[in-house]
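Student: The structure that follows is given in the form of structure tokens.
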Amino acid sequence: MSVVVNTPRTILCLNALTLSLSVGLVSALVPALALAESVALQPLVVTGTLSEVTAEDSPVAVRVIDRATLESTQAVTLEELLADLPGLQLKQTHGQTGSSVMLNGLSEKHVLIMRDGVPLNQVNESTIDTRSLRLADIERIEVVSANASALYGSAAMGGVINLISREPQGPEFEIGVNARQYEAETERLPSQVDWAGRVAVPIPGGYSATTWSLTQDAGLDKAPETWAEDLPNGIGWSLAQRFDVYAQRDHRLGLNWSGSDLTKPGAHAVTGNPNRNSVTEQRVSAQYQATSERLDVIASAGLGWGVSEQDKLGSEGMDLRREYALWNTALEGRWNLTQGMHEAVLGGKVSAAGLEQEKSDLNAPSEDEIAPVDQQSLELFAQDSWFATDRLELVGGLRGHWDEAYGLHWAPNLASRFDVTTNSYVRASLGLGYRVPDLKERYYQFDHSQLHGYRVTGNSELEPETSVAVQLEWVIDPVSLELFYRDIEQLIVTAETESDEPGVTVYQYQNIDRAEVYGVNLSAEHRLGAHQVSAHAQWLHAVALATGDRLAQRPEYTFGLTHEWALGEQRPLTLRTQIAYTGPQFYGEDETLPVDPYTLVDLSLSYQLTPVWTLTSAINNFTDEISPSNGTADGLPIGGRQYALGIRYRHPF
């Protein structure tokens with residue numbers, strides 16, 4: 001099915017939508033500044049303490065992105081959702097099509113991404129491509145920006161992003177399609193088509209739910225006169241099967257399959273000859289969880305593989321091929337105890353992961369870029385929540401992590417929440433974090449010297465990263481002021497090193513002595529009638545103490561503003577405006593490649609035609625910001641302004 005959305009009639013309608021959204025924003029801001037009673041949302045969260053509490057009552061700050069918000073943004077992948085959320089930045093994955101996430105100045109390797117409490121970051125894959133994480137089966141996303149090593153171990157020293165799957169509440173059927181068109185692309189219609197569907201049916205004792213999504217990308221070529229194109233073409237997909245059985249002990253089994261097959265025409269960096277790159281990747285995983293009043297057991301396993309091929313010199317066939325395979329398995333148990341004013345959890349986890357990667361060159365024999373390697377770990381943890389008074393909660397946690405390569409590490413953490421008044425409270429946390437080097441950082445050998453003039457090498461002498469983290473938040477409803485500080489030792493970065501090959505730049509993973517990251521988050525949210533306005537501002541300072549240089553790809557300040565205007569009751573119409581401003585930053589080393597501030601604006605509409613049919617429309621990147629480096633030396637969008645039109649059918653039986 002093709003839906004053309006760049007016709008004059010469609011553009012006229014979308015421009016009218018823009019005007020309506022602007023008027024709605026102004027009309028909402030004026031009364032929102034007046035004194036009025038705020039209606040607070042109270043979502044239940046589990047990520048902050050492993051106990052189900054409201055987001056406001058949690059002693060650890062948790063930001064919730066619910067299903068309604070996911071649908072109103074019309075995001076298909078985690079990458080699209082996080083692209084203009086303040087406090088979060090996306091980092092283009094070097095040499096690939098996707099991106100990874102940064103949180104409060106810490107890189108993607110310090111931010112643990114989980115699905116239903118099971119880490120996706122592993123010692124064999126610490127960088128998760130947010131483009132590969134599709135949202136069709138996600139009920140909500142919980143974001144913890146504080147150090148969480150005591151609860152979740154290595155890779156959580158910068159925070160946690162937990163994707164919670166949709167739990168079937170009853171029989172239902174859902175299907176939808178969304179078509180998108182880049183304004184800069186006039187020959188390929190549409191630029192992208194997203195299909196998604198879901199079926200939930202009863203089974204003995206519970207429900208079974210199947211969710212699928214499929215994306216067809218036509219690619220993007222803003223300069224047809226050149227060989228190189230801006231975005232790849234191909235398909236991406238996901239299939240999730242979930243079984244929930246409710247009894248004295250609840251059982252949940254989840255099976256997931258996802259992948260992509262993308263091709264991007266390009267040009268040789270030196271000769272300019274046409275070439276092309278193709279990447280095919282697949283992931284399969286299984287997760288079983290048994291939950292009772294006292295004991296939780298989680299078992300998980302995953303397997304991923306991929307092939308990338310490059311036609312370096314414009315020959316008829318592919319002359320450079322890379323194949324990789326990775327696997328991981330884990331078993332975790334948690335014992336929940338309640339005694340008087342104490343709620344405690346004791347747990348243990350055993351895990352193993354492996355990785356291998358091979359390179360085949362037309363003019364050279366095959367070689368291992370990463371020889372088959374694996375790593376095992378054992379973790380024990382304990383946490384106690386003490387409700388000392390009606391106004392004070394204290395949480396203490398400790399995690400011991402034994403790693404096959406790096407021995408034993410301890411991660412203690414203290415957190416507290418104190419009610420100052422009925423609408424004001426303070427949250428504070430202090431803890432130690434750590435992260436062991438992943439297998440790629442230790443063993444990787446990536447040779448891109450012929451095509452792009454550089455090589456990346458691993459470093460088997462790397463030391464684990466450690467950090468001291470302090471966080472303080474003061475909330476006077478509806479305003480939150482948060483201060484955060486990270487002192488990181490042995491921070492791992494890719495730095496240029498000596499090269500014995502003329503014209504070839506060599507990068508190696510290295511520990512730098514010490515880095516310091518601190519900043520301020522200021523946010524507010526207010527609902528008044530049909531209007532809801534939220535704002536967020538961040539100031540960030542990140543510097544390598546040994547040299548005094550600022551760390552790259554960390555904007556000095558960001559600002560975000562979101563307004564939702566809900567109209568009608570029988571046929572609800574929701575208008576959403578999201579504005580994200582990113583301040584100055586730089587890419588490269590020694591503060592080279594400066595990036596000027598930029599502003600992104602997304603406009604969207606959702607209209608419920610009937611109880612089962614919903615129409616959606618959007619203008620993404622309304623300000624038409626375009627990356628001059630095609631995403632390699634700045635964080636700007638590659639495609640520019642984009643129009644979207646979709647329809648969804650949802651019927652509960």
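Student: Which percentage, to the nearest 5, of the DSSP beta bridges contained in the stretch 108-186 is antiparallel?
Tutor: Here the share of antiparallel DSSP bridges comes out near 65 percent.
Student: Within a Cβ distance under 12 Å of Ser534, other residues only, what is the Lys/Arg minus Asp/Glu net charge?
Tutor: Around Ser534, the charge tally is +1.
Student: Per residue, what accessible area does the chain have, given a 1.4 Å probe and all protein chains present, in Å²?
Tutor: I get 44 Å² per residue for the chain.
Student: Order Arg486, Arg391, Arg131 by their accessible area, 1.4 angstrom probe, all chains in place, largest first.
Tutor: Arg391, Arg131, Arg486
Student: With θ set to phi - 60°, apply the Karplus curve 6.51 cos²θ - 1.76 cosθ + 1.60 along the stretch 394-411 and write out the HN-Hα couplings as whole Hz, x wherever there is a Gly or Pro.
Tutor: 10, 10, x, x, 8, 10, x, 10, 9, 10, 4, 9, 10, x, 9, 10, 10, 9
Student: Under 20 Å from a label point 7 Å along Cα→Cβ of Ser292: give me every residue in the stretch 182-210 with its amide N that close.
Tutor: 205-206
Student: Moving to a separate point now. Please sort 496-505, 253-262, 624-633 by packing, taking for each peptide the average over its residues of neighbouring beta carbons within 10 angstrom, highest first.
Tutor: 253-262, 624-633, 496-505
Student: Protein chains only, probe 1.4 Å: how do Met114, Met341 rank by accessible area, largest first? Intermediate values should be presented prior to the final figure.
Tutor: Numbers: Met114 0, Met341 100 Å².
Largest accessible area first, the list is Met341, Met114.
Student: Taking the C-alpha atoms of the stretch 138-207, how large are the radius of gyration and the largest Cα-Cα span, Dmax, in Å?
Tutor: Cα only, the stretch 138-207: 19.4, 53 Å (Rg, Dmax).
Student: Moving to a separate point now. Just from its helices, what would the mean residue ellipticity at 222 nm be for the chain, if runs of 4 or more DSSP H residues each count -39500 (n - 2.57) and the sum is divided by every residue, rounded to the nearest 500 deg cm²/dmol?
Tutor: Details: 5 runs with 46 residues, N = 653.
Computed mean residue ellipticity for the chain: -2000 deg cm²/dmol.
Student: Roughly to the nearest percent, how much of the accessible area of the chain is carbon and sulfur, given a 1.4 Å probe?
Tutor: 58
Student: If you don't mind, another one. What do you get for Rg/Rh over the chain if you use C-alpha atoms and the Kirkwood form of Rh? Can you show the working numbers first?
Tutor: On the way: Rg = 24.5 Å, Rh = 26.0 Å.
The Rg/Rh ratio comes out at 0.94.
Student: For the pairs Lys264/Lys349; Lys264/Lys359; Lys109/Lys222; Lys109/Lys264, note any where the Cα-Cα span goes beyond 30 Å.
Tutor: Checking Cα-Cα distances, Lys264/Lys349; Lys109/Lys222 exceed 30 Å.
Student: May I pose another question? Write down the percent of antiparallel bridges among all DSSP beta bridges whose residues are both part of the stretch 404-542, to the nearest 5.
Tutor: Roughly 95 percent of the beta bridges in the stretch 404-542 run antiparallel, per DSSP.
Student: Right, next: Just to verify a number: what accessible area does Tyr288 come out at with the full protein assembly present, 1.4 Å probe, Å² rounded to tens?
Tutor: Per-residue accessible area (Tyr288): approximately 80 Å².
Student: Additional query: Please work out the Kirkwood hydrodynamic radius for the stretch 501-621, using every pair of different C-alpha atoms, and report it in angstroms with one decimal place.
Tutor: 18.0 Å is the Kirkwood radius here.
The values are calculated or read from the model by the stated rules, or taken from the named source; none is laboratory data. These numbers come from a predicted model, not from an experiment. All Cβ positions, even for glycine, are placed from backbone atoms using ideal geometry, and neighbour counts span all protein chains on display. The area values use the complete protein model at the heavy-atom level, side chains included, leaving out ligands, DNA and RNA. Shrake-Rupley method; radii C 1.70, N 1.55, O 1.52, S 1.80 Å.
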